[in-house]
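Down below is the structure, laid out as C-alpha cells.
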Amino acid sequence: MINSRRTFLQGIAGATLLPAQAPGSTSRPNIVYLHSHDTGRYTQPFGQAIPTPNLQRLAEQGILFRQAFSGAPTCSPSRAALLTGQCAHQSGMLGLAHRGFSLNDYNQHIIHTLHAAGYHSVLAGIQHLAAKPETIGYKEILRPASMHAQDVAPGAVQFLARAGAQPFFLDVGFFETHREYPPPTAADDPRYTQPPQPIPDTPETRRDMAAYHASARLMDQGVGEVLDALDRYNLTANTLVISTTDHGIAFPLMKCNLEDNGWGVSLILRGPGGFQGGKVSDALISHVDLFPTVCEVAGVEKPAWLTGRSMLPLVRSEVQEINEAVFAEVNYHAAYEPKRAVRTKRWKYIRRYGDQHSPVLPNCDDGLSKTLWTQNGWKTQVLPEESLYDLLFDPTEHLNLVPDASSKAVLEQMRGRLDGWMRATNDPLLRGPVRAPHGAKVNNPEGTSPQEPTTVID
C-alpha cells in the first residue's frame, strides 16, 4: 500500500515536488535507468546509516518500493530479468556475461521495444549483459575511461546536455558498490560503523563495511550529477528515472544467496506515470515488473514474452498488490550452485539442487568479512536441501521450519508455488543439472575464491 508523506516531506529542507506533465501532452517520456552494482538496500532511503543524499532526494520526489526483489542475486541474470521482463532461465542468462553466458535473443532487450516506438538508446556505463556492449544494440555507446561513477556520470551529463526532442532511454550503470572497495575516508570511520545484518560485529567487519560506505558515497555522487543535469536541462518533468541495483551487497550470505539480503533490492521511481510525491510502497515487486511498467508509462505495446505486471495500478491506488509471490534463481555465478526460491509477503521457501551441501565459497567475493568466516570454519557448515521461513516472526531467516510438523501445510503450499512456476517457465532444472554453454569459464564449487583458476567448458 502506498502511504503519502507529502506533508512531512514539504517540511524537509530541499525537498521538492516535481511539476506535472503539461495537460494534453502526447510526448513520450524519456527514461533514465540508473543502476549500481551490489548495493541491495544499503542506502540512506532505506533507513541505513549510509549517507546517500542524492538517492534520498530522489526518494523524496518519487516513490520508494521497500519490498522490491531482483530476479536473481547474481549480476547478469538479475539485469537480464529486469531488461527482458522474464526470469533468467527464460532469457538464457544462466551465468555471468563476462564468463561466457548470454541472452538467447538480444532483441528481447527493452531498448528494441523502445526503438520501435521512436526512442534513441544510449549506454553510458556498465551493462554486464554481453561480453561486448555492441551485441546489445544500443544506438549510441559512450566510452568512459572507466565504469566508476566519477567517469560514467560526466558522459551521461554530456548526453543530457545535447538531448533533442526525440525521446531517449539512457542506461547509466556504475561499477560502485562492487568490490574491491576504495579505502574508507575520514567520514567512514570504522569505529562507528555497523556491519550488515548477517555479519558479526568485529573490527574486521567494521573495516569492511566502512569501505562499502566509501564506495556508496562515490556512487551517490554520480547519481547527483545525473539528477542535477536533468534539472539543469529542463528534462526532469518528462523523464522517468528508474533507480535500482542488481542484488545484495558482496558480503557472506548476501550476494548470490536467496535470503532477502541476497535478492532484496533498492527501487525508486520518479517521474511521469504518477511516480511523484515522496511516497512509500510496501507492495511485493519483482524486477520483471519494470519492463511492463515502462511500456505502460511510455504508451508502448508490451511484447508477448513479458511475465511481469505493470506497477501503475499500485500508483493509481487501484490495488494494494500486483504479485501474490515473487521468484528468484541461481544457476552459475563463479561456480555452479543451482537453487530456487519463492517469496510471499509472509513466507519464504528455498530449495537447493545437486549434491553440494556446503557453502560454495567461490560465489562469495573476497573481502575481510569472508576471510573472517573462512578462517573460522564456514566451509564445514552443512546447508539444508530445503528451507522455509516465517518472515513475520523470523525476518532474519534463521529458523528453518521444514522439520516443524505444524508448518507442513504452508510448506506444501510453497513447494507447490515453486513447482508451478518452474513448470510454467520451462525451468531447465526440471530436466536435471544445467550445463554451462561452450566456452564458459566456471570455478570449482569446492574451491575458496572466484580468483582461483577456472575450467573452460568444452
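The values are calculated or read from the model by the stated rules, or taken from the named source; none is laboratory data. Not measured: the values here are computed from a predicted model. Here the Cβ is made from the backbone with ideal geometry for all residues, glycine too, and neighbour counts use every protein chain on show. Accessible surface is based on the protein model in full, side chains and every heavy atom, while ligands, DNA and RNA are left aside. Shrake-Rupley method; radii C 1.70, N 1.55, O 1.52, S 1.80 Å.
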Of the criteria (1) part of a loop (DSSP other than H, G, I, E, B); (2) open to solvent by 30 Å² or more (accessible area, probe 1.4 Å); (3) within 22 Å of Ala88 (Cα to Cα); (4) of a type outside the set (S, T, N, Q), which one Tyr336 fails: (1)
Pair list, Cβ under 8 Å, 6 or more apart: the stretch 217-229 residue assigned to a helix (DSSP H, G or I), other residue small (Gly, Ala, Ser) and surrounded by fewer than 21 Cβ atoms within 10 Å (Cβ to Cβ): Arg217/Ala187; Ala229/Ala161
Residue ID - farthest from Glu452 (Cα to Cα), chosen from residues in the stretch 354-398 that are surrounded by 20 or more Cβ atoms within 10 Å (Cβ to Cβ) and of a type in the set (D, E, K, R): Glu397
Output for the stretch 344-383, where each listed residue is in contact with a strand residue (DSSP E or B) (Cβ under 9 Å, 6 or more places away or on another chain) and outside any loop (DSSP other than H, G, I, E, B): Trp347, Lys348, Tyr349, Ile350, Arg351, Arg352, Leu361, Pro362, Asn363
Top-ranked residue in the stretch 141-176 [being more than 23 Å from the chain's Cα centre (by Cα) and among the charged types (D, E, K, R); ranked as least open to solvent (accessible area, probe 1.4 Å)]: Arg162
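Test Leu55 against the stated conditions and say whether it is more than 13 Å from Gln127 (Cα to Cα), touching a helix residue (DSSP H, G or I) at 6+ places or on another chain (Cβ under 6 Å) and not aromatic (Phe, Trp, Tyr). Working first, answer last.
Values: more than 13 Å from Gln127 (Cα to Cα): yes; touching a helix residue (DSSP H, G or I) at 6+ places or on another chain (Cβ under 6 Å): yes; not aromatic (Phe, Trp, Tyr): yes.
The answer is yes for Leu55.
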The lone exception for Cys256 - which of (1) in contact with a Ser or Thr (Cβ under 6 Å, 6 or more places away or on another chain); (2) outside any loop (DSSP other than H, G, I, E, B) it fails: (2)
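Hey, which of the helices (runs of 4 or more DSSP H) in the stretch 38-108, taking only ones fully inside, have at least 1 residues that are more than 15 Å from the chain's Cα centre (by Cα), over 17 Å from Ala328 (Cβ atoms) and among the aliphatic types (A, V, I, L, M)?
Working: elements: 53-61, 75-84, 88-91.
Where helices (runs of 4 or more DSSP H) fall fully within the stretch 38-108 and carry at least 1 residues being more than 15 Å from the chain's Cα centre (by Cα), over 17 Å from Ala328 (Cβ atoms) and among the aliphatic types (A, V, I, L, M), they are 53-61.
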Within the stretch 277-321, considering residues that are farther than 24 Å from Ala80 by Cβ and among the β-branched types (Val, Ile, Thr), the one most open to solvent (accessible area, probe 1.4 Å): Val319
Checking Gln197 against (1) at pLDDT below 95; (2) open to solvent by less than 10 Å² (accessible area, probe 1.4 Å), the condition it does not meet: (2)
Of residues in the stretch 384-422 being among the acidic types (Asp, Glu) and outside any helix (DSSP H, G or I), the one farthest from the chain's Cα centre (by Cα): Asp404
Long-range neighbours under 6 Å by Cβ, at least six apart or interchain, first residue farther than 22 Å from Asp390 by Cα within the stretch 242-270, second among the acidic types (Asp, Glu): Ile249/Asp38; Ala250/Asp38; Ala250/Asp365
Pairs where the first residue, in the stretch 273-292, is among the aromatic types (Phe, Trp, Tyr) and the second is part of a strand (DSSP E or B), C-beta under 7 Å, 6+ apart: Phe275/Ile63; Phe275/Leu240; Phe275/Leu269
One residue from Arg435, Arg423, Arg417 being among the basic types (Lys, Arg), under 30 Å from Asp390 (Cβ atoms) and surrounded by fewer than 16 Cβ atoms within 10 Å (Cβ to Cβ): Arg423
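With Tyr181, Tyr192, Tyr138 as the choices, which residue is open to solvent by less than 70 Å² (accessible area, probe 1.4 Å), aromatic (Phe, Trp, Tyr), over 23 Å from Leu123 (Cα atoms) and modelled with pLDDT of 95 or more? Explain how you work it out, then say what you get.
On the way: Tyr192 fails: open to solvent by less than 70 Å² (accessible area, probe 1.4 Å); Tyr138 fails: over 23 Å from Leu123 (Cα atoms).
Sole residue among the options that is open to solvent by less than 70 Å² (accessible area, probe 1.4 Å), aromatic (Phe, Trp, Tyr), over 23 Å from Leu123 (Cα atoms) and modelled with pLDDT of 95 or more: Tyr181.
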Single unsatisfied condition, Arg343 versus (1) surrounded by fewer than 23 Cβ atoms within 10 Å (Cβ to Cβ); (2) under 30 Å from Pro437 (Cα atoms): (1)
Among (1) open to solvent by less than 10 Å² (accessible area, probe 1.4 Å); (2) at pLDDT below 95 - the single one Ser27 does not satisfy: (1)
Test: residue in the stretch 428-451 that is over 15 Å from Val330 (Cα atoms), in contact with a helix residue (DSSP H, G or I) (Cβ under 6 Å, 6 or more places away or on another chain), outside any helix (DSSP H, G or I) and without any contact (Cβ under 8 Å) to a residue 40 or more places away in the chain: no
